[in-house]
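Chemist: There's a structure below that I have some questions on.
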Amino acid sequence: LKHFLFPLSPLQGQVVLALPASRAPGRWSAMNAVRHLNRAWKIKGVDFEMTALRCITAEEESAKAIFHALLGSRYAGAERLGLKSHVHKMALITFLRAVKNFLAEMLEKSPVHDIKLSLEKATRRLSISFCLRGIDGYSLNPEPPLHFSSTVNEEHPDFQRQMDVFVKASAAKTGESLEKYLEVQARLREKLLYAPSNGLHEFNGDIEKIFRESQRKVFRSLVLFLLIDQHSEQQSFVQQCLNAFLEMVTTNKKVAAAAEADRKSTRLNSSH
């Protein structure tokens with residue numbers, strides 16, 4: 001941790017310490033994500049564009065780590081995830097925000113409270129503990145931590161409402177749709193790297209704020225990566241979320257088309 005240039009919360013520090021014990025190849029994507037953040041922080045005062053680009057890459061690498069964990073534990077449908085698809089990786093980052101908001105809404109109405117994540121020093125494994133309202137001095141530690149199921153009106157949620165709320169709040173100037181939001185995010189990478197035909201891009205804004213938001217996204221993904229990767233058995237809520245994510249990126253025609261174009265472009269570039 002002494003090599004990290006940017007401040008880490010205690011939990012984030014624990015996550016970093018747990019990464020080397022995770023399974024390859026997800027381990028390398030996860031560790032590369034935090035390396036990109038570290039290098040982004042180092043140059044934030046001298047190179048806005050490369051700082052932002054490294055932040056984007058860190059987010060995508062953390063998403064890729066989750067894809068590897070799902071594949072490694074053989075979750076149903078994981079083979080349909082695009083390891084090299086910018087669209088799938090960006091969509092997952094957005095999807096995880098929706099799942100987080102869904103769980104927050106559910107917990108407000110549940111007897112569960114005081115949920116904590118902690119690292120077991122001996123095993124370097126993340127665990128979850130929580131208390132039940134009205135019962136003092138007693139906590140529960142589910143094992144594995146995400147082996148539960150959630151329903152709304154006796155149906156599995158698709159998290160679409162939470163996605164819509166987030167996208168509309170984040171993309172007020174981009175058409176207020178998931179496909180448009182992802183399109184803008186994809187274009188940002190190109191704008192950071194390449195000049196348009198009519199001049200040079202000028203970027204401004206609070207780069208530290210951009211970094212902090214990426215840091216939150218990356219570590220949210222890395223926590224989930226560890227909670228999946230550290231358990232070879234399949235966990236019900238993970239499969240439920242994967243099913244909903246795959247439904248989202250395949251039934252939305254524009255998102256699916258963008259992902260297919262992304263795959264073709266990646267294959268073409270790797271052939272040269």
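The values are calculated or read from the model by the stated rules, or taken from the named source; none is laboratory data. Please read these numbers as outputs of a predicted model, since none were measured by experiment. Glycine also receives a Cβ, built like all others from the backbone with ideal geometry; neighbour counts cover every protein chain displayed. For accessibility, only protein heavy atoms count, side chains too; no ligands or nucleic acids. Shrake-Rupley method; radii C 1.70, N 1.55, O 1.52, S 1.80 Å.
Chemist: Take the alpha carbon atoms of the range 179-272, find their radius of gyration, then divide it by 2.2 N^0.38 Å using N residues; give the quotient.
Modeler: 1.43
Chemist: Using θ = phi - 60° and the Karplus form 6.51 cos²θ - 1.76 cosθ + 1.60, what ³J(HN,Hα) does each residue of the range 132-144 get, whole Hz, x for Gly and Pro?
Modeler: 10, 4, x, 10, 8, x, 9, 10, 10, 10, x, 9, x
Chemist: To one decimal place, what orientation-averaged projected area in nm² is obtained for the convex hull of the Cα set of the chain?
Modeler: 16.8 nm²
Chemist: For the chain, give the magnitude of the charge dipole about the Cα centre (Cβ charges: +1 Lys/Arg, -1 Asp/Glu; no others), in debye to the nearest 20. Spell out each step's value before the answer.
Modeler: Numbers: 38 positive and 29 negative charges, 171 e Å.
Around 820 debye, computed over the chain.
Chemist: Which value in deg cm²/dmol, rounded to the nearest 500, describes the helix-derived mean residue ellipticity at 222 nm for the chain, given -39,500 (n - 2.57) per DSSP H run of n ≥ 4 and division by the residue count?
Modeler: Calculated mean residue ellipticity at 222 nm is -20000 deg cm²/dmol.
Chemist: Can you list the equivalent-ellipsoid semi-axes of the range 1-107, largest first and in whole Å, using the square root of 5 times each Cα gyration tensor eigenvalue?
Modeler: Here the semi-axes work out to 24, 17, 16 Å.
Chemist: Of Ile56, Phe4, Ser150, which is farthest towards the positive pole of the chain's charge dipole, taken about the Cα centre with +1 and -1 on the beta-carbons of Lys, Arg and Asp, Glu respectively?
Modeler: Result: Phe4.
Chemist: Within the range 1-55, what whole-number % of the accessible surface is contributed by carbon and sulfur, with the 1.4 Å probe and all protein chains included in the calculation?
Modeler: Ligands and nucleic acids excluded, carbon and sulfur give 59 percent.
Chemist: In addition: What whole-number distance in Å separates the alpha-carbon centres of the range 101-157 and the range 172-241?
Modeler: 26 Å
Chemist: Which is farthest toward the positive dipole end of the range 7-143 among His86, Ser139, Met106, measuring Cα position about the Cα centre, with Cβ charges +1 (Lys, Arg) and -1 (Asp, Glu)?
Modeler: In the range 7-143, that residue is His86.
Chemist: Continuing with this model, one more query. If you keep only loop residues by DSSP, which GluC sites (Glu not before Pro) in the range 188-272 have at most 11 other Cβ atoms within 10 Å of their Cβ?
Modeler: Glu202, Glu233
Chemist: Enter the accessible area per residue of the chain (Å², integer; probe 1.4 Å; all protein chains in place).
Modeler: 55 Å²
Chemist: Structure shown: which of Lys89/Lys109; Lys64/Lys264; Lys42/Lys209; Lys64/Lys209; Lys2/Lys64 lie over 22 Å apart, alpha-carbon to alpha-carbon?
Modeler: Lys89/Lys109; Lys64/Lys209; Lys2/Lys64
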